[in-house]
Amino acid sequence: MDLSQLEMLVAVAQEQSFSRAAGRVHRTQSAVSQAIQRLEGEIGSSLFDRSSRSGTLTEAGRVLYEYAQQMLNLRREARAAIQDVGSLRRGKISIAANEYTVLHLLPVLSAYRVRHPHIIVAIKRSLASHIPSEVLAREAEIGIVTYRPAQPALTIVPVAKDEIALLVPPGHPLAGRPTVSIGELGAETFLSHNIRSPYRERVVRTFERYRTPLHIAMELPTLEAVRRLVVLGLGVALMPRRAAETEIARGEIVAIGVREMRFERPVNLVYRSKALSHAALAFVQCARELYRASDDGPHRGRATDRG
């Protein structure tokens with residue numbers, strides 16, 4: 001039993017004529033008759049009353065006719081759904097991000113939502129070090145990280161940049177300074193995120209290189225907790241500036257540059273090369289456009305990919 005046979009069954013029943021049904025499905029009358037006979041042989045029952053020339057269905061024929069209509073309707077719906085996916089009228093993308101990198105997705109999500117309001121975006125919280133592997137394992141279609149993964153099967157698209165800043169409360173003695181030297185931080189009490197990362201290690205090595213003590217008094221599970229304790233004056237923190245932009249804008253935190261730690265944090269989208277859905281491809285394109293138009297963007301042409 002296949003859909004073409006069911007299509008012929010429906011045509012004969014609705015046209016009440018084998019010849020008119022043949023014209024409707026663009027087949028010969030003989031081909032339609034043979035298809036109906038094969039169906040009858042498969043189900044072991046007559047589908048049409050042979051004593052009538054009007055294509056009258058038997059009881060078994062009426063049952064199969066109802067199911068045939070449903071199956072043909074499902075085929076039409078499936079075709080329409082696939083067309084909707086290609087035209088971005090429906091679909092879903094999954095993105096792996098961590099507490100920090102998701103902040104860089106917010107303007108992209110806003111712009112993407114305006115362009116494609118019917119696409120569902122599901123963001124999965126992941127450890128930064130796990131994101132490339134999750135993308136390769138198809139646990140997420142896109143990942144966003146602050147480093148360049150080594151896996152050659154991934155395409156890497158720069159979408160933002162950020163920098164490390166010293167975050168202090170407004171009443172702190174250094175709050176009025178645009179920059180400080182690392183040597184001035186040896187007596188400070190630091191608050192830190194408890195997730196190890198390449199940038200945390202880089203900060204630690206920089207303190208060691210300049211023979212400056214790094215006093216970490218408290219390690220916390222979220223960046224939000226670190227920010228709130230800085231606001232309360234319980235310590236200072238070295239964090240990406242973007243991670244505290246709301247508190248900086250409110251005047252609750254002051255961001256200060258550290259002269260010996262002027263290293264940028266690139267923010268990259270990563271995905272399996274040549275494996276993006278229509279919806280995900282549109283998301284990457286939206287992110288590219290925002291990056292090129294932003295202060296972070298290269299302004300020298302196309303962003304560099306690797307894949």
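The values are calculated or read from the model by the stated rules, or taken from the named source; none is laboratory data. What you see is a predicted model, and the numbers here were worked out from it, not measured in a lab. Don't worry about glycine lacking a Cβ; one is built from the backbone with ideal geometry, like all the others, and counts go over all protein chains shown.
Within segment 50-63, the set of residues being surrounded by 14 or more Cβ atoms within 10 Å (Cβ to Cβ), farther than 17 Å from GLU7 by Cβ and over 51 Å from the mean Cα position of the chain (by Cα) comprises THR56, THR58.
Comparison of ALA255, ALA279 shows that the only residue that is touching a residue at least 60 places away in the same chain (Cβ under 8 Å) and assigned by TED's automatic domain parsing to the domain that holds VAL108 is ALA279. Would segment 217-233 turn up any residue that is outside any strand (DSSP E or B), in contact with an Asp or Glu (Cβ under 6 Å, 6 or more places away or on another chain) and farther than 21 Å from GLU99 by Cβ? No: zero hits. Once segment 249-294 is narrowed to residues that are part of a strand (DSSP E or B) and over 28 Å from the mean Cα position of the chain (by Cα), the residue that is farthest from SER129 (Cα to Cα) is VAL254. Inspect all residues belonging to segment 200-209 and state whether any of them is touching a His at 6+ places or on another chain (Cβ under 9 Å), part of a strand (DSSP E or B) and closer than 27 Å to ALA96 by Cβ. No; the residues of segment 200-209 include none that is touching a His at 6+ places or on another chain (Cβ under 9 Å), part of a strand (DSSP E or B) and closer than 27 Å to ALA96 by Cβ. PRO213 meets the conditions (1) assigned to a helix (DSSP H, G or I); (2) surrounded by fewer than 17 Cβ atoms within 10 Å (Cβ to Cβ); (3) free of Cβ contacts under 8 Å to residues at least 60 places away in the same chain in every case but one. The failed one is (1).
For LEU166, state whether it is part of a strand (DSSP E or B), over 23 Å from ARG125 (Cβ atoms) and either at pLDDT 90 or above or not hydroxyl-bearing (Ser, Thr, Tyr) (or both). Spell out how you get there, then give the answer.
On the way: part of a strand (DSSP E or B): yes; over 23 Å from ARG125 (Cβ atoms): yes; either at pLDDT 90 or above or not hydroxyl-bearing (Ser, Thr, Tyr) (or both): yes.
The answer is yes for LEU166.
For the residues LEU229, LEU281, LEU223, the requirement of being buried (at least 18 other Cβ atoms within 10 Å of the Cβ) and modelled with pLDDT under 95 singles out LEU223.
Restricting attention to segment 234-248, the residues being assigned to a strand (DSSP E or B) and farther than 18 Å from PRO173 by Cβ number 2.
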